[in-house]
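Beneath this line is the structure, given in structure tokens, with notes to follow.
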Amino acid sequence: MKAIHVHEFGGPEVLQLEEVLTPQPGPGEVLVRMQAAGVNPVETYIRAGTYARLPELPYTPGNDGAGVVEQVGSDVTEFKAGDHVYTSGSISGTYAEFALCKKEQVHPLPSNFSFAQGAAMGTPYATAYRGLLQRADAKPGETVLVHGASGGVGTAAVQLARASGLRVFGTAGSDDGINLTRQQGAHEVFDHRAPDHFEQIMKATGRHGVDVIVEMLANVNLGKDLTILAKGGRVVIIGSRGPVEIDPRNTMQRDADVRGMILPNTPPAELASIHAALVAGLENGTLRPVIGKEFPLAEAAQAHRAVMESGATGKIVLVPSK
């Protein structure tokens, strides 16, 4: 099969398309013929060698994808050949024509969703659910601010927040992003290019402040986030690209919490409940993954550049068959 292989950590150019052996499923494993693979910012940090958890070299990147079950291990009864599925993790990596997964990493994909949409589920939607509903413990009736609301995790967070009965604010950095965030159901959308957008957000709450902030770029926003929280407010940090300076008094005055998360820390039982909820959201129509750009598998390097561009909207996916 064809797969992206990384032999050394470095820039996007280290993503090389190669011929490798197709893996075979053992007990408790599922082999998926990939129709689309999701590209996430975390994969660029791993590729660069700057992430806290690094794989052994060489490796094939990717956790997210969607496709058709090709073969299952002898003891797997939950799936059969021909089933449409999405993946939320992989043993062999999803930037490939086939991906070997544990059965727990494979989830049903309703037939009315495209494989590209399925490839948007694993990391973005699970991250948004974990951050918003488990770590931040957002409750119906509260106000949530989603920074970077037009991206893969951002659109997921907006949809989940609306479905959960929250008042939803979002920020975006382009006219397309602002329009997309409105289309996903945000009650208020703010242009984060405007120097006074934090003041605009505070004004929109009637000076009460927001209850929950879903933070994608903590190194830029965290210090200001703490000034617009309501009492008892929570910031959940989903993304950061460096250090930041804050005034701790802003947390004291509000009894505020700053809560970090990375998806690999999620306990297995909580991860299973996340995907049960996400599959239900697909089935009942409350979740609708938004696709931004599609790249052929051979153009993985371009996809890695695109996913880190500011103003990107929707989910970026690789398509092995292109």
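Worth a mention:
- With every protein chain in place, the range 159-313: carbon and sulfur % of accessible area (1.4 Å): 50 percent
- Extreme residue, positive dipole direction of the chain, given options Thr60, Gly89, Gly185 (C-beta unit charges): Gly185
- In Å², nearest 10: area of Ser321 left accessible to a 1.4 Å probe: 100 Å²
- Simple spin-label estimate for Ala81 and Thr286 in nanometres, 7 Å along Cα-Cβ: 3.8 nm
- Amide H to amide H distances under 5 Å link Arg259 with Val235, Val236, Ile237, where only residues 5 or more positions off or on other chains count and H is placed in the peptide plane.
- Of the two radii for the chain, the radius of gyration is 0.98 times the Kirkwood radius, both from the alpha carbons; that is the Rg over Rh value.
- Applied to the range 58-74, the Karplus parametrisation 6.51 cos²θ - 1.76 cosθ + 1.60 on θ = phi - 60° returns per-residue 3J(HN,Hα) values of x, 8, 9, x, x, 10, 9, x, 7, x, 10, 4, 8, 7, 10, x, 4 Hz, with x for Gly and Pro.
- Partner lysines whose Cα lies under 19 Å from the Cα of Lys203, excluding those fewer than 8 positions away in the same chain, are identified as Lys224, Lys231.
- Put simply, the C-alpha atoms of the range 24-80 give a gyration tensor, and the ellipsoid matching it has half-axes of 27, 14, 9 Å, longest first.
- Most mobile of Arg193, Arg135, Arg254 in a GNM of the chain (Cα contacts under 10 Å): Arg193
- Looking at the chain, the accessible area is 43 square angstrom per residue; that uses a 1.4 Å probe and ignores ligands, DNA and RNA.
- The angle separating the long axis of helix 268-284 from the principal Cα axis of greatest extent in the chain is about 90 degrees.
- In the structure shown, the pairs Lys102/Lys315; Lys2/Lys80; Lys2/Lys315; Lys80/Lys293 are assessed against 26 Å; a Cα-Cα span above that value is assigned to Lys80/Lys293.
- Vicinal HN-Hα couplings computed from phi for the range 230-236 (Karplus, 6.51 cos²θ - 1.76 cosθ + 1.60; Hz; Gly/Pro x): 6, 4, x, x, 10, 10, 10
- Only Lys, Arg, Asp and Glu carry charge here, each on its Cβ (+1 for the first two, -1 for the last two); on that basis the chain has a dipole of about 720 debye about its Cα centre.
- Cβ-based charge dipole, the chain, positive-most Cα from Pro23, Ser150, Gly233: Gly233
- Integer Hz, Karplus 6.51/-1.76/1.60 couplings in order for the range 131-140, x for Gly and Pro: x, 6, 9, 9, 6, 7, 6, 5, 10, x
- Of the GluC sites (Glu not before Pro) in the range 18-118, those whose Cβ has at most 11 other Cβ within 10 Å and which sit in DSSP loop: Glu56
The values are calculated or read from the model by the stated rules, or taken from the named source; none is laboratory data. Note that the structure is a prediction, hence the values are computed from the model and not measured. Quick reminder, even Gly has a Cβ in these numbers, built from the backbone with ideal geometry, and neighbours come from all protein chains shown. All accessible areas refer to the heavy atoms of the entire protein, side chains included, with ligands and DNA or RNA removed. Shrake-Rupley method; radii C 1.70, N 1.55, O 1.52, S 1.80 Å.
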